[in-house]
Amino acid sequence: LVNKDSALFILDQEKTNIYMDTFLNNQIGRTSPILKNRGWNVLLDATDSYIKFKRNVLGYVSWGATDDSGKIAPFRGAPACKWLPSSIASFYYSYTARTFIKSKSGSGYELCGSAEREGCKGIMGPTYEPWSFAMPDPTIYFERYTDESQPIHFNLAESFYASAPSYSWMMVVVGDPKSSIISKMPSKPEVNVDTITKVCQYSNRIVKTSGNVTGNM
């Protein structure tokens, strides 16, 4: 159960960078109205800053340390956020899942394991160079993860799976695959009990005993 009033989605675009892919950058921007139309709080940043140190983060996508400011310590490394229990994230950096060894603060690039240790419930990343076409699309995984239109909601694994154009040994998801969210408690189901009047269609009488039902068939 997530409180929409306090939960935050961070959509961190890149402004100018030779490594930046225009399609992926635009997809980050297109994610904002999807979430806002569903009543979620969104921080959409289109500067060269690597957005860090935020609280109540439910969703996060960023170019990470490939942002210009991210190349300078202490801005490199993990996003240093306070994550909600069912939060999800991805970084447009090619090696976020290359290792799960904890790096020293400010000494390396952001890693899946670093964000998970901070409290992020699930994060998708590549172990090597997947090229930009293989990176997960936030307009899909955030759209699926926040879709409450059906009684059964998409979980973390289903949301990420739907968003990745291709799969190979390069892409991994770290986290709880069954994690999912709701923004309000569902109403209690009505209890309806049918009264049994006959054992079967052709019975003339019913005799109920302890554990057994007998009668003319």
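The values are calculated or read from the model by the stated rules, or taken from the named source; none is laboratory data. For clarity, every value in this text was computed on a predicted model and none was experimentally measured. Neighbour counts run over all protein chains shown; Cβ positions are idealised from the backbone, glycine included. Side chains are part of the model used for accessible areas, which takes the heavy atoms of the whole protein and leaves out ligands, DNA and RNA. Shrake-Rupley method; radii C 1.70, N 1.55, O 1.52, S 1.80 Å.
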nm² value of the averaged projected area, convex hull over the Cα atoms of segment 114-165: 4.3 nm²
Packing-based ranking, highest mean first, of 25-37, 153-165 given that Cβ atoms within 10 Å are counted: 153-165, 25-37
Model label zone, residue 5; criterion: amide N under 14 Å from point 7 Å along Cα-to-beta-carbon; scope segment 18-50: 41
Most to least accessible of 55, 76 (protein chains only, probe 1.4 Å): 55, 76
Packing rank of 181-192, 110-121, 4-15, where each peptide gets the mean count of other beta carbons within 10 Å, highest leading: 110-121, 4-15, 181-192
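Relative to the compact-globule scaling 2.2 N^0.38 Å, provide the ratio for the alpha-carbon radius of gyration of segment 104-191.
The value comes to 1.31.
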Theoretical FRET efficiency, 1/(1+(r/R0)^6), r = Cβ-Cβ of residue 147 and residue 55, R0 25 Å, to 0.05: 0.50
Size of electric dipole in segment 88-194: Cβ of Lys, Arg +1 and of Asp, Glu -1, about Cα centre, debye, nearest 20: 460 debye
Modelled label reach - residue 46, point 7 Å along Cα→Cβ, segment 135-152 residues with backbone N closer than 19 Å: 138-139
Gained length - residue 131 relative to residue 15, 0.36 nm times residue gap less alpha-carbon distance: 39.8 nm
Computed label-point distance, nm, for sites residue 176 and residue 117 using a 7 Å Cα→Cβ extension: 2.1 nm
